[in-house]
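**Q** Pasting a structure below so you can have a look.
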Amino acid sequence: MTHHETTASRPPFPAFDALLLVFLLNLVLQPLVEPDFGWHLRTGLDLLRNGWRLPATDPYSHTMPDWPWVEHAWLTDGLLGLIYTGLGSVGPLGVILFFAGVTVSAFFVMAGLAQAGRTHKLLAVAGALWVALPFLGARTQLVTLLGLAVVLRWCSRYLAGGMAHLWVIPPLFLLWANLHGGFTAGLFVLALIILASTTIRLLISRWPSLSDRLDEPTPAWAHIGHLALITGLAALLTLVNPYGWRLHGEIYSSLSDRFMLETLHEWQPVSPGSRAGAHYAGYVAALGVALMFLYRRREPVRWTILAVFVGLSLRHWRNVPFFLLISVPLWAEMLAELTSWLSARFRTLVQHQKRWLLAASLAVALGIGLLGPDHLKRVVQSGLAPAEFFRETEYPIEAVQWVQAHRDRVGTQLYNDYGFGGFLLWWLPNEKVFIDGRMPAWRVGDRRIFYDYIALTNWEPPALGVLQKYDVDWAIVELGNPLNRALASQGDWQEIYKDTKVSIYVKRPK
């Protein structure tokens, strides 16, 4: 929670740092393949078209049109719409650059907390972003990472005596609550800091000598009270949004929906069985080993934040980026400590530092190569020619283009797979979808759309009655799944289109 860079600690290796920056750019520049991006973009475009008036109920599905939809990222959606339309034919590329800028800013702001040189900070950011790859791209959650980094940096400066007050935080939360619902993570961190600081102050009141043994500033009661006041004001200002208290209610109902938490991958515990899980498990294990050998400071506030967030990250995949972000300053400082230790004990490292830098540069270059020689080409293509780009992905762009040319051959009530909902709202803006990424916790009467979707797609045999329940008369279905096989065997359904990704079925008239 403390630490500011000293210029004397900066190693003069600009060429290596430049190579690290190239590596970072390869990481944060990602094609537009995030499943939820499409509905965020559609929302933003419609906001602009409707004079920034938000819909009272869901305008994008035929299954839940009466749901009082609360879009907790409405302002970010509007910004996406402005970028997408304002840049014309290069609008998608502008969106890619926007999210890359948000990501870099978040990790660089956090790295600024480290008492380490530029190279060590870049190495720490590179490592964290490499592990965070599955979470990068056009994801509105990245706005929350930036907000969290800014809050932690300001609090760090305040508790270290570098700022007289924190009145910049309430306006930040006012903006944040309209940009993304993850502002709750910022309030949670502030509460953690207050709780840990209060506990430490109580212990020092009992054992005054304890303050001399700590390596981070111990805030006075006045500072803790000021921080608590600022946090309370910030929490109140989050009510200043188009939905008022309903925004908080929607966030709570989503986070407490047991079926969604048990079903969606992003809410599952981290498992080392996947590549992403193995990378993260290795990251946490490496951090633990480094702490044992390189970390000797007593910093209870930092310990509290790190311990809580590593626990949350292991509990839910969705929380992994938070811990990766928070761990960056610690990694930078331990890398600086390791460099100092090696230099003091192995003089040849200093004498042959150019050779070691060459080896490190080759390693970074190899890391760039691991992303694939065509990575940046694919990023640019997704930004300049997205229709052509999506032909090489799992998204059904070919089927979408067929529907655009043969709209009279399909019905009015669409079924679509969950992962295709946002994409279809982007590419078929006049169609209403069956389900998309907004809807896992939605429930009206006997319509619990995500549960019905799982019954239709994951059960064996599929619960085809769900199609009747929602009056579905045409469907875009991924090849090879149980529903596709079931529809192919039904006499009242006809396959009218098929490619290597999906089939399109229409219901035969009775």
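Every number in this text was worked out from the coordinates using simple rules, so none of it is lab data. None of these values were measured; they are calculated from a predicted model. Using ideal geometry, Cβ is built from the backbone for each residue, glycine included, and neighbour counts are taken over all protein chains shown.
**Q** In which sequence would E495, E250 go, from the one with the fewest C-beta neighbours within 10 Å to the one with the most? Before the final figure, lay out each step's value.
**A** Values: E495 14, E250 18.
Going from least to most buried by this count: E495, E250.
**Q** Follow-up question, since we're still on this one. Tell me whether the stretch 135-215 comes out rounded, prolate or oblate; compute the Cα gyration tensor, take square roots of the eigenvalues as a ≥ b ≥ c, and use a/c under 1.5 as the rounded threshold.
**A** Prolate, since a/c reaches 1.5 and a/b exceeds b/c.
**Q** Another one. Only sites in a loop by DSSP and with at most 12 other Cβ atoms within 10 Å count here; which chymotrypsin sites (Phe, Trp or Tyr not before Pro) in the stretch 117-183 make the cut? It would help to have the intermediate numbers written out before the result.
**A** On the way: sites: W130, F135, W154, Y158, W167, F173, W176, F183; in loops: W167.
Counting only loop positions with at most 12 other Cβ atoms within 10 Å, the chymotrypsin sites (Phe, Trp or Tyr not before Pro) in the stretch 117-183 are W167.
**Q** Let me ask something else. Can you work out the FRET efficiency for the pair L338 and D212, with r the C-beta to C-beta distance and R0 = 41 Å, to the nearest 0.05? List each step's numbers first, then the result.
**A** Numbers: r = 27 Å, r/R0 = 0.67.
After rounding, the FRET efficiency stands at 0.90.
**Q** Which whole number in µm²/s is D for the stretch 394-507 by Stokes-Einstein, with the Kirkwood Rh taken over Cα pairs at 10 °C and 1.306 mPa s? Display every interim value, and only then the final one.
**A** On the way: Rh = 14.2 Å.
Calculated translational D: 112 µm²/s.
**Q** Under the definition of Cα pairs under 8 Å and six or more residues apart, what whole-number percent is the relative contact order of the stretch 394-507? Intermediate values should be presented prior to the final figure.
**A** On the way: 171 pairs, mean separation 30.0, N = 114.
RCO, the stretch 394-507: 26 percent.
**Q** Exposure proxy check: V125, V506 ranked by fewest other beta carbons within 10 Å? Write down the numbers at each step before the final one.
**A** Working: V125 28, V506 16.
Going from least to most buried by this count: V506, V125.
**Q** Mind checking which aspartates and glutamates have their Cα closer than 17 Å to the Cα of K469? Skip sequence neighbours fewer than 8 apart in that chain.
**A** Reachable aspartates and glutamates: D66, D417, D446, D452, D492.
**Q** OK, next. Arrange V22, V150 by Cβ neighbour counts within 10 Å, fewest through most, would you?
**A** Working: V22 13, V150 19.
Ordered by Cβ neighbours within 10 Å, fewest first: V22, V150.
**Q** Something else now. What's the FRET efficiency of L21 with A164 using the Cβ-Cβ distance as r and R₀ = 30 Å, to the nearest 0.05?
**A** Working: r = 35 Å, r/R0 = 1.15.
Here the calculated transfer efficiency is 0.30.
**Q** Which residues does a label at A455 reach in the stretch 466-493, if reach means a backbone N under 12 Å from a point 7 Å past the Cα toward the Cβ?
**A** 466-470
**Q** Further question on the same structure: Rank by packing, highest mean first: peptides 111-120, 298-307, 468-477, 401-410, with packing defined as the count of other Cβ atoms within 10 Å averaged across residues. Each step should come with its number before you reach the end.
**A** Working: 111-120: 22.8, 298-307: 17.5, 468-477: 19.4, 401-410: 13.3.
In decreasing order of mean packing, 111-120, 298-307, 468-477, 401-410 become 111-120, 468-477, 298-307, 401-410.
**Q** 222 nm [θ] for the chain, helices only, -39500 (n - 2.57) per DSSP H run of 4+, per residue, to 500?
**A** So the helix-based figure for the chain works out to -18500 deg cm²/dmol.
**Q** Specify which labelled value, from (1) 84, 53, 45; (2) 72, 55, 47; (3) 81, 53, 41, agrees with Cα extents along the principal axes in Å derived from the coordinates of the model shown.
**A** (1)
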